Structures are given as C-alpha cells and as structure tokens.
Amino acid sequence: MTEKVKEVLDKIRPSLQADGGDVELVEVTNDGIVKLKLTGACAGCPMSQMTLKMGIEKNLKKFIPEVKEVQSV
C-alpha cells in the first residue's frame with residue numbers, strides 16, 4: 001500500500017508546491033493510517049489541516065480504499 005500512497009501523493013504534490021509547500025510520507029501503518037509531514041509553506045499555514053483532510057485524505061481514500069485516515073506528524 002505504501003507504493004500506492006506514494007503514487008497518489010506524487011499527483012497531489014504539484015499543487016502543494018505551487019503554493020510553496022510540499023508533503024513528506026512518514027509512515028503507512030498496517031491498519032490503514034497514513035502519517036504525513038507537511039513542509040515548506042504548508043508547515044505553518046493555518047489552512048494546513050483542511051489541506052490534509054479535505055485535499056490529501058480525500059484523494060488517498062478515493063484511489064486507495066484501504067486508507068482509513070491521514071494524520072499529520
């Protein structure tokens with residue numbers, strides 16, 4: 001599942017980079033939890049939780065049904 005997550009993140013990454021941010025995959029657990037670290041401009045952005053949940057998590061769940069939740073670390 002880690003490779004699938006990386007593929008989806010690679011599709012999302014350009015829109016994050018356009019705003020000066022990025023995302024780093026930290027871990028994918030056996031129970032479907034994806035742990036990510038937002039970097040660059042995303043790290044200190046007040047909208048980062050919305051980006052994480054409504055953008056990244058939504059896309060990951062859409063393409064990888066095994067993903068249960070995305071957490072910021």
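Quick notes on this one:
- Filtering the stretch 53-73 to residues that are of a type in the set (Asp, Glu) and in a loop (DSSP other than H, G, I, E, B) leaves only GLU66.
- Extreme residue, least open to solvent (accessible area, probe 1.4 Å), among residues of the stretch 1-23 that are small (Gly, Ala, Ser) and either in contact with a helix residue (DSSP H, G or I) (Cβ under 8 Å, 6 or more places away or on another chain) or closer than 15 Å to ASN59 by Cβ (or both): GLY21
- Selection count where residues are more than 23 Å from LYS68 (Cβ to Cβ), at pLDDT 90 or above and not in a helix (DSSP H, G or I), scope the stretch 1-52: 5
- Output for the stretch 54-67, where each listed residue is without any contact (Cβ under 8 Å) to a residue 24 or more places away in the chain and more than 15 Å from ASP22 (Cα to Cα): MET54, LYS58, LYS61, LYS62, PRO65
- Residue count for the stretch 24-44 satisfying the condition of being open to solvent by less than 50 Å² (accessible area, probe 1.4 Å) and farther than 16 Å from THR2 by Cβ: 3.
The values are calculated or read from the model by the stated rules, or taken from the named source; none is laboratory data. Nothing here was measured: the structure is a model prediction, and the numbers come from that model. Cβ: placed from backbone, ideal geometry, glycine included. Neighbour counts: every protein chain shown. Calculation scope for accessible area: heavy atoms of the full protein, side chains included, ligands and nucleic acids excluded. Shrake-Rupley method; radii C 1.70, N 1.55, O 1.52, S 1.80 Å.
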